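Below is one structure, written out as structure tokens; comments come after it.
The values are calculated or read from the model by the stated rules, or taken from the named source; none is laboratory data. Source: prediction; values computed, not measured. Virtual Cβ from ideal backbone geometry, glycine too; neighbours counted across all protein chains shown. The area values use the complete protein model at the heavy-atom level, side chains included, leaving out ligands, DNA and RNA. Shrake-Rupley method; radii C 1.70, N 1.55, O 1.52, S 1.80 Å.
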Amino acid sequence: MEQLLILLIFLPVVGALVTAFTGNAAKHVALVFAVASLALTAVVAGQFVPDASTQFVVNLPWIQDLGISFHAGIDGISLITVLLTNVLVPVIILASYQHNYKSPAGFFALILFMQAGLLVVFTAMDAFLFYIGWEAALIPIYFICAIWGGKDRIKVNMKFFVYTIAGSLFMLLGIIYLYLQNPAHNFDIQALYQLHLDPVQQGWIFWSFFIAFAIKMPVFPFHTWQPDTYTEAPAAGTMLLSGIMLKMGIYGVIRWLLPIVPAGVQDWGNTAIILSVIGIVYASLIAFKQRDAKRLVAYSSIAHVGLISAGIFALNMQGLQGAMIQMLSHGINVIGLFFVLDIVFSRVKTNTIAELGGIAKSAPKLAIAFLIIVLGTVALPGTNGFIGEFLLLIGIYQYNIWAVVFAGLTVIFGAVYMFRMYQNIMLGKTNELTVGFADIKGTEQIVLGIICILIIVLGVYPKPILHLSEASVQQLLEQVNQKLTSVK
Amino acid sequence: MNIIITIVVTALAVLYAGLFKAKKALLPLTLLGLLISLTFAVTAWNSNTVYYGMMEMDNFAIAFSSLTILGTIFIFLLTQNYFSKNSENIAEYYTLILFALSGIVIMVSYTNMSMLFIGIEIMSVALYILAGIRKNNFASNEASLKYFLMGAFSTGFLLFGITLVYGATGSFSLHAINQYLIGNYQAVSPLFYPGVILIMIGLCFKIGAAPFHFWTPDVYEGAPSLITAFMSTVVKTAGFAAFLRLFAGTFAPLHDFWMPPLMAIVCITLFIGNVTALFQKNFKRMLAYSSISHAGYLLFSLITLTANSANNVMVYAAAYTFASIIAFAVLILVKQKTGHDTFESFNGLGKRNPLVALALTIAMLSLAGIPLTAGFIGKYMMFLNVMNEYQIYLVAFAILNALVGFYYYLKVIVAMYFKEGSEIVLETPVQYKVVLILSVIITIFLGVYPTIILNLI
């Protein structure tokens with residue numbers, strides 16, 4: 001059992017090292033490794049027993065003098081994010097097939113390296129290991145965006161890097177503080193759960209972690225790096241950032257913030273919800289005004305993530321379960337959106353909405369796929385987005401009715417700007433640019449097919465996924481509440 | 001003792017080899033001598049020999065000697081074709097570096113103030129000459145003169161401080177001084193306090209800590225890059241070892257007295273080093289200023305004295321040494337090819353020289369303190385040490401500075417990979433490759449598995 005998780009984490013590393021030396025065949029090799037990881041994940045998911053326990057636990061001594069061990073495991077919450085990563089990475093690699101990136105070996109090797117970093121983040125049971133994974137995922141994506149990005153990439157990526165690394169460093173400060181408070185002097189998650197810090201300490205730790213997570217997600221007002229970075233990054237980079245990497249922040253809140261400093265969450269969660277709700281409204285309003293479709297999707301992503309974050313801080317079963325499923329759905333949908341826009345861009349070299357139109361006439365398959373993805377994004381019942389948003393809104397409703405009133409705007413606003421974007425790009429009259437628009441074929445078809453199937457299957461039958469995380473989320477909430485009552 | 005004897009004998013042998021025009025034998029001879037002394041150092045582990053109360057080869061001294069000798073070996077490997085272009089008499093350079101190294105071994109093992117002074121002077125005098133060794137180069141001459149004047153000045157401070165401490169305690173022996181402090185804790189002679197401060201100032205000059213850092217950028221820039229590499233790695237490490245031996249050991253009872261001024265020095269050093277490094281257009285000057293900021297991180301270990309302080313300096317110094325050696329090695333290669341050492345001359349390096357670019361990238365990530373490199377472990381140990389006493393504001397301040405550091409270290413990576421430039425192919429001699437690869441391996445190994453070095457001393 002133990003070997004399975006080690007294999008899961010290190011297979012992408014091996015894949016990256018092999019891919020780095022394969023020259024132009026890199027994409028095929030990378031895909032093989034990504035699919036192998038997916039198969040392995042299927043095995044893990046098959047053996048997983050959906051109770052609250054941590055399974056496939058690896059606990060190897062690493063830097064013992066500092067109380068650091070290679071301690072990782074999978075519970076329901078981890079499994080969802082691991083699934084997310086390992087389902088989406090092969091999709092993203094496949095989505096990059098049509099591009100002729102210069103030095104592809106490096107490009108695909110970095111994607112696999114990042115995958116390994118993400119898997120460490122999502123399975124770490126040791127705070128230090130978590131931090132290492134957190135940084136290890138950042139370095140590859142920085143290089144991906146900065147080497148293969150658009151023309152403003154250098155400036156934009158510097159901002160992105162400095163922002164995220166600033167967050168990480170404050171988190172490190174918090175981690176060191178927790179370590180020193182821990183009488184056992186280690187970073188073990190269970191030991192950190194057992195800590196009894198007074199509310200003032202918890203408040204500080206809350207902020208040191210929250211800033212790191214909020215920058216990653218991103219939550220208003222820590223989002224300013226995001227639209228530029230999404231726009232300038234290469235297609236695969238944008239997909240990795242929006243589809244998987246921002247979930248690191250959400251996962252971090254659920255796994256580390258809530259159970260370790262529940263009193264801090266209780267004191268400051270309200271602030272976090274207010275920031276999230278402001279972010280929802282603000283990002284939606286800005287999304288209205290965007291002329292570039294890629295930026296529109298970037299802002300819509302801020303709004304959607306704001307909803308997830310508000311749902312988590314509502315601290316109830318519906319909110320957390322909604323966040324779990326919405327992490328998966330949002331990842332699938334946003335990757336779909338960015339992929340469609342990438343296809344459009346590669347054909348007509350623009351993403352400016354006003355310059356497009358009538359694509360549906362010449363590319364009906366693309367139009368249908370895009371429509372399904374848009375419907376998923378605006379949370380139409382029967383699509384994956386619905387389940388998550390529904391649960392999240394119920395969760396927030398239980399917390400505060402005003403919060404849900406404003407948070408609910410995301411659904412309405414989202415429908416408006418998404419449909420308007422769809423209408424202006426796909427419907428209407430064709431112009432010189434779009435008249436001979438070639439429909440999707442080959443790998444494009446496969447990728448969009450997979451995404452559409454996932455959207456519908458998850459929308460119609462989400463129960464297995466919800467079931468996976470249910471027990472773990474339940475236990476987490478009990479832990480939090482227990483700790484909160486013991487403080488009082 | 002046999003470590004120093006070996007080094008000095010090697011130095012003399014190299015000098016004679018130079019006289020008899022045995023140019024080809026110089027480098028092998030030097031490396032052989034250094035390897036022998038390194039072996040002596042390693043075999044002396046745990047033996048703790050005291051030499052006439054003047055020097056003590058404890059594990060601290062051996063660890064730092066080994067590190068400095070290893071660093072010197074790496075730097076000697078980089079000398080290929082470096083000096084011979086400028087002069088016929090390259091044996092002298094080798095000899096001077098070796099003499100400086102012998103001074104350094106004394107600096108890390110002294111137990112008597114007079115030996116501290118002698119060690120520093122042996123090292124410094126050799127360095128004054130080495131900084132100006134390109135006698136037809138104006139910048140090199142300026143560097144030498146500046147270094148000499150500042151060095152002499154700081155020696156004055158140091159000597160005056162030693163005198164005052166002697167006046168208070170009647171002894172040069174560190175042991176006796178320590179006993180005096182413990183015995184007269186409540187009634188330390190008023191001469192002692194200014195003595196400690198003056199010694200601190202003198203040593204801060206030597207390690208280039210602000211506000212006594214003014215010579216550093218000019219001297220580092222003016223001196224030949226190889227000598228700069230030696231100064232900013234091996235010499236700096238030795239300076240810290242000397243500092244640590246005195247303050248963490250002998251002056252520890254007066255920690256409450258000298259800690260506040262030191263804290264001020266740390267903050268100024270971090271701030272000035274990082275902020276000025278940010279604005280440099282010249283890679284070499286950036287390294288010079290960043291080396292000032294690293295002095296700030298290294299002094300962290302003295303803010304909170306714990307059992308690990310010495311070892312933390314060791315870890316940090318090791319991380320810093322190997323990353324800096326990579327940086328300087330690449331700088332030398334680039335400058336030989338392009339004639340410049342600005343950031344622009346690194347443009348497009350990643351395409352044609354993947355090995356060199358990768359090595360420099362890892363070095364920069366290590367200097368910036370990214371996980372899985374040695375530099376991260378070094379910084380982490382420092383932060384952990386200071387957090388132990390909950391100097392959280394200081395750590396937060398250092399973290400903000402580290403953030404600034406990321407920015408300027410990334411500038412090199414940006415230039416190498418993301419900017420289009422003239423596609424140059426560097427001539428990378430085998431020895432350079434060896435140094436680069438070994439340093440990268442050490443940097444990553446210490447980052448991934450630091451256990452072997454964490455409780456060394």
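If you go through region B:157-176 and keep only what is free of Cβ contacts under 8 Å to residues at least 24 places away in the same chain and either surrounded by 17 or more Cβ atoms within 10 Å (Cβ to Cβ) or in a helix (DSSP H, G or I) (or both), you end up with B:THR169, B:ALA176. The set of residues from region B:399-457 being within 14 Å of another protein chain (Cβ to nearest Cβ), in contact (Cβ under 8 Å) with a residue 24 or more places away in the chain and not in a helix (DSSP H, G or I) comprises B:LYS419, B:GLU420, B:GLY421, B:GLU423, B:PRO450, B:ASN455, B:LEU456, B:ILE457. Of the helices (runs of 4 or more DSSP H) that lie entirely inside region A:370-475, those containing 3 or more residues that are in the same structural domain as A:ALA354 (by the TED database) and more than 26 Å from A:LEU94 (Cβ to Cβ) span A:384-399, A:401-407, A:409-426. Figure legend. Inter-residue proximity from region A:322-334: first residues in contact (Cβ under 8 Å) with a residue 40 or more places away in the chain, second residues among the acidic types (Asp, Glu) and surrounded by 24 or more Cβ atoms within 10 Å (Cβ to Cβ), beta-carbon distance below 8 Å, spacing 6+ or different chains. Indicated pairs: A:GLY322/A:GLU389; A:GLN326/A:GLU389.
Within the set A:ILE80, A:ILE63, the sole residue that is open to solvent by less than 10 Å² (accessible area, probe 1.4 Å) and under 19 Å from the mean Cα position of the chain (by Cα) turns out to be A:ILE80. Annotation: of all residues in region A:7-22 being open to solvent by less than 50 Å² (accessible area, probe 1.4 Å) and of a type in the set (Val, Ile, Thr), the one that is farthest from the chain's Cα centre (by Cα) is A:THR22. Every listed requirement among (1) of a type outside the set (D, E, K, R); (2) without any contact (Cβ under 8 Å) to a residue 60 or more places away in the chain; (3) farther than 23 Å from B:VAL108 by Cβ is met by B:PRO217 save one, (2). Please indicate, with yes or no, whether at least one residue in region A:202-212 is open to solvent by 40 Å² or more (accessible area, probe 1.4 Å), farther than 20 Å from A:GLY67 by Cα, more than 10 Å from chain B (Cβ to nearest Cβ) and over 19 Å from the mean Cα position of the chain (by Cα). Yes - at least one qualifying residue is present in region A:202-212.
When A:MET248 is tested against (1) in contact with a Lys or Arg (Cβ under 6 Å, 6 or more places away or on another chain); (2) within 14 Å of chain B (Cβ to nearest Cβ), just one condition goes unmet, and that condition is (2).
Among the residues making up region A:443-461, those that are more than 17 Å from A:ALA236 (Cβ to Cβ) and either touching a Phe, Trp or Tyr at 6+ places or on another chain (Cβ under 9 Å) or open to solvent by less than 10 Å² (accessible area, probe 1.4 Å) (or both) are A:ILE455, A:GLY459.
Give me the residue from region A:42-52 that is of a type in the set (Gly, Ala, Ser) and at pLDDT 85 or above and, out of that set, surrounded by the most Cβ atoms within 10 Å (Cβ to Cβ). The residue in question is A:ALA45. Is one or more of the residues making up region A:79-88 assigned by the TED database to the domain that holds A:PHE56, hydrophobic (A, V, I, L, M, F, W, C), over 20 Å from A:LYS216 (Cα atoms) and at pLDDT 90 or above? Among the residues of region A:79-88, at least one is assigned by the TED database to the domain that holds A:PHE56, hydrophobic (A, V, I, L, M, F, W, C), over 20 Å from A:LYS216 (Cα atoms) and at pLDDT 90 or above, which makes the answer yes.
So that you can scan it fast, the table gives a plain yes or no per residue for (1) under 16 Å from B:THR95 (Cα atoms); (2) open to solvent by 30 Å² or more (accessible area, probe 1.4 Å); (3) more than 23 Å from the chain's Cα centre (by Cα); (4) modelled with pLDDT under 95:
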position	(1), (2), (3), (4)
B:ALA17	yes, no, yes, yes
B:LYS21	yes, yes, yes, yes
B:LEU26	yes, no, yes, yes
B:ASN48	no, yes, yes, yes
B:MET57	no, no, no, yes
B:ILE62	no, no, no, yes
B:ILE75	yes, no, no, yes
B:LEU78	yes, no, no, yes
B:ASN81	no, yes, yes, yes
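Tallying residues that are touching a helix residue (DSSP H, G or I) at 6+ places or on another chain (Cβ under 7 Å) and among the charged types (D, E, K, R) within region B:304-343 yields 2.
Residue count for region A:264-307, restricted to those that are of a type in the set (A, V, I, L, M) and open to solvent by 10 Å² or more (accessible area, probe 1.4 Å): 7. When region A:106-154 is filtered for residues that are among the small types (Gly, Ala, Ser), over 24 Å from A:PHE187 (Cβ atoms), surrounded by 23 or more Cβ atoms within 10 Å (Cβ to Cβ) and touching a residue at least 24 places away in the same chain (Cβ under 8 Å), only A:ALA109 remains.
If the condition is being open to solvent by 10 Å² or more (accessible area, probe 1.4 Å), facing another protein chain (nearest Cβ under 8 Å) and aromatic (Phe, Trp, Tyr), then region A:155-179 contributes A:PHE170, A:TYR177, A:TYR179.
Please state which one of B:ALA363, B:ALA318 is farther than 23 Å from B:GLU427 by Cα and either small (Gly, Ala, Ser) or surrounded by fewer than 20 Cβ atoms within 10 Å (Cβ to Cβ) (or both). None of the others qualify; the one that does is B:ALA318. Selection of region B:208-234 for residues being within 17 Å of B:ILE332 (Cβ to Cβ) and within 14 Å of the chain's Cα centre (by Cα) yields B:TYR220, B:LEU226, B:ILE227, B:THR228, B:ALA229, B:PHE230, B:MET231, B:SER232, B:THR233, B:VAL234.
The rows are residues; the columns are (1) open to solvent by less than 10 Å² (accessible area, probe 1.4 Å); (2) among the small types (Gly, Ala, Ser).
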position	(1), (2)
A:GLY311	yes, yes
A:GLY322	yes, yes
A:MET327	yes, no
A:VAL340	yes, no
A:VAL344	yes, no
A:LYS349	no, no
A:GLU355	no, no
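When A:ALA191 is tested against (1) in contact (Cβ under 8 Å) with a residue 12 or more places away in the chain; (2) more than 11 Å from every other protein chain (Cβ to nearest Cβ), just one condition goes unmet, and that condition is (1). Could you tell me whether any residue of region A:83-91 is open to solvent by 10 Å² or more (accessible area, probe 1.4 Å) and more than 27 Å from A:ILE335 (Cβ to Cβ)? Checked region A:83-91: no residue is open to solvent by 10 Å² or more (accessible area, probe 1.4 Å) and more than 27 Å from A:ILE335 (Cβ to Cβ).
Annotation for region A:180-187: at least one member residue is aromatic (Phe, Trp, Tyr), more than 10 Å from every other protein chain (Cβ to nearest Cβ) and under 20 Å from A:GLU135 (Cβ atoms).
The requirement of being in a loop (DSSP other than H, G, I, E, B) and open to solvent by 10 Å² or more (accessible area, probe 1.4 Å) is fulfilled nowhere in region A:23-41; no residue meets it.
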